[in-house]
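Participant: Dropping a structure here in structure tokens format, bear with me for questions.
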Amino acid sequence: MIEPAARTDLGRTELSVTRVGLGTAPLGGLFQPVDESDAVGAIEAAYGLGLRLFDTAPLYGHGLSERRLGLALAARPRDDFVLATKVGRLLRAGAPPDESQLSGGLERWQNAPPVNPVFDFSFDGVMRSFEESLERLGLERIDILHIHDPDDHYEEALAGAYRALARLRDEGAIGAVGAGMNQPEMLVRFAREADFDCFLVAGRYTLLDQVALLELLPLCFERGIAVILGGVYNSGILADPRPGAMFDYAPAASALVERAQHLQAVCRRHGVPLKAAAIQFPLAHPAVTSLLLGARSVAELEENLELLATPVPVDLWEELRRERLIPEEAPVPTDEVAP
């Protein structure tokens, strides 16, 4: 049985994280506005349920997620939880909108403050980002710092951002150096060329997309790099695979919708919700340390944890393999999950 609140070491670091953590992009207004009281309530509920890993970023709601997370955790014992945020974007008033945040013409962040993110992976920019995140969070330290989405900035991310994070780690200002991306290929390069403690991989090891299985996950397992997974529902398509569903923050192509519907049909034959299979599948890989679950309300959080405890028969995983919906070599939960 998967215990969401069970503690495990974060790779080779001295940090201890829970198997399940709270991802707070939805609490920054991802696609839908969220009231501050609802956001704080969801964070407090996650804490009350034993989750002790919290992930945020300056990008999420243009600072809104960080402020709300800091507000909700302010009265909690600081050594009792692990907080991760990210560097690579500075929030600046008067900056032009970031076109990469337009998801098929949809505005990604609802009711965000009047600042826009500006890419900056330089040493000095990352140091400023670190200080500004501390201020928004209202906390005295950050445990994990990820280089965030350096897809078009590899050289600067390695020469500037990584050097800054390595210094912060050496000084004891942070406990772990990471990188958070939606693609595994650059993370593989980072793993080979620098000393990373962990990676946050979003959407690339799910029931629908297992590209991280090819090289990244085996490499991380071999080198003791902790893997934190996000995007378990691939932006919504694995929650509700209907035409027009979102995949990677944009409307999904019809082929992806058909594949997700095929997954759903297999799950239905075994009496299992697609979301339950989607949430349980990634944690079976031995390289995966923690799974981030995003929730914009207490109800969504409780539903996700119930899905994590939903019994899933071994026959379901075997049929998914026979149907070539998951690779033969992909680890799966070997026992039925007890409620």
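The values are calculated or read from the model by the stated rules, or taken from the named source; none is laboratory data. Small disclaimer: the values here were computed from a predicted structure and weren't measured. We place every Cβ from the backbone using ideal geometry, glycine too, and count neighbours over all the protein chains shown. Please note that ligands, DNA and RNA were not included when accessible areas were found on the heavy atoms of the full protein model with its side chains. Shrake-Rupley method; radii C 1.70, N 1.55, O 1.52, S 1.80 Å.
Participant: I'm trying to understand the selection: among the residues of segment 261-280, which are out of contact with any Cys (no Cβ under 7 Å at 6 or more places or on another chain) and either basic (Lys, Arg) or closer than 20 Å to Leu305 by Cβ (or both)? Full working, then the answer.
Facilitator: Initial filter on segment 261-280 (out of contact with any Cys (no Cβ under 7 Å at 6 or more places or on another chain)): 261-272, 275-276, 278-280.
Cys267, Arg268, Arg269, Gly271, Val272, Lys275, Ala276, Ala278, Ile279, Gln280, listed by residue number.
Participant: Output the number of residues of segment 213-257 satisfying the condition of being part of a loop (DSSP other than H, G, I, E, B), open to solvent by 20 Å² or more (accessible area, probe 1.4 Å), of a type outside the set (Asp, Glu) and touching a residue at least 24 places away in the same chain (Cβ under 8 Å).
Facilitator: The number of residues fulfilling the criteria is 6.
Participant: Among the residues of segment 284-306, how many are closer than 17 Å to Gly236 by Cβ and among the small types (Gly, Ala, Ser)?
Facilitator: So the answer is 4.
Participant: For His285, indicate whether it is touching an Asp or Glu at 6+ places or on another chain (Cβ under 8 Å) and in contact (Cβ under 8 Å) with a residue 60 or more places away in the chain.
Facilitator: no
Participant: Would you confirm, using the coordinates I've provided, whether Leu305 is farther than 18 Å from Gln210 by Cα, outside any strand (DSSP E or B) and in contact with a Leu (Cβ under 7 Å, 6 or more places away or on another chain)? Before the answer, list the steps.
Facilitator: Numbers: farther than 18 Å from Gln210 by Cα: yes; outside any strand (DSSP E or B): yes; in contact with a Leu (Cβ under 7 Å, 6 or more places away or on another chain): yes.
Yes, satisfied.
Participant: Taking the residues in segment 308-338 that are in a loop (DSSP other than H, G, I, E, B), open to solvent by 10 Å² or more (accessible area, probe 1.4 Å) and touching an Asp or Glu at 6+ places or on another chain (Cβ under 9 Å) as candidates, determine which candidate is nearest to Leu256 (Cα to Cα).
Facilitator: The residue in question is Val332.
Participant: Quick one: how many residues across segment 74-89 are within 12 Å of Arg141 (Cβ to Cβ) and more than 19 Å from the chain's Cα centre (by Cα)?
Facilitator: Count: 2.
Participant: Please enumerate the residues belonging to segment 295-307 that are among the small types (Gly, Ala, Ser) and open to solvent by 40 Å² or more (accessible area, probe 1.4 Å).
Facilitator: Initial filter on segment 295-307 (among the small types (Gly, Ala, Ser)): 295, 297, 299.
If the condition is that a residue be among the small types (Gly, Ala, Ser) and open to solvent by 40 Å² or more (accessible area, probe 1.4 Å), then Ala299 is the only one that fits.
Participant: Then there's this: Restricting attention to segment 51-70, and to residues there that are out of contact with any strand residue (DSSP E or B) (no Cβ under 7 Å at 6 or more places or on another chain) and closer than 21 Å to Glu302 by Cα, which single residue is least open to solvent (accessible area, probe 1.4 Å)?
Facilitator: Going through the qualifying residues, I end up with Ser65.
Participant: In segment 258-282, what residues are in a helix (DSSP H, G or I) and among the small types (Gly, Ala, Ser)?
Facilitator: Selection gives Ala260, Ala265, Ala276, Ala277, Ala278.
Participant: Something else: Suppose we keep only residues that are within 19 Å of the chain's Cα centre (by Cα) and in a loop (DSSP other than H, G, I, E, B) within segment 109-152. Which one would you say is nearest to Thr13 (Cα to Cα)?
Facilitator: Asp143
Participant: What's the total number of residues in segment 105-133 that are open to solvent by 30 Å² or more (accessible area, probe 1.4 Å), farther than 16 Å from Gly178 by Cα and aromatic (Phe, Trp, Tyr)?
Facilitator: Counting residues in segment 105-133 that are open to solvent by 30 Å² or more (accessible area, probe 1.4 Å), farther than 16 Å from Gly178 by Cα and aromatic (Phe, Trp, Tyr) gives 1.
Participant: Given the conditions (1) under 18 Å from the mean Cα position of the chain (by Cα); (2) open to solvent by 20 Å² or more (accessible area, probe 1.4 Å); (3) not β-branched (Val, Ile, Thr), which single one is not true for Leu292?
Facilitator: The single condition Leu292 does not satisfy is (2).
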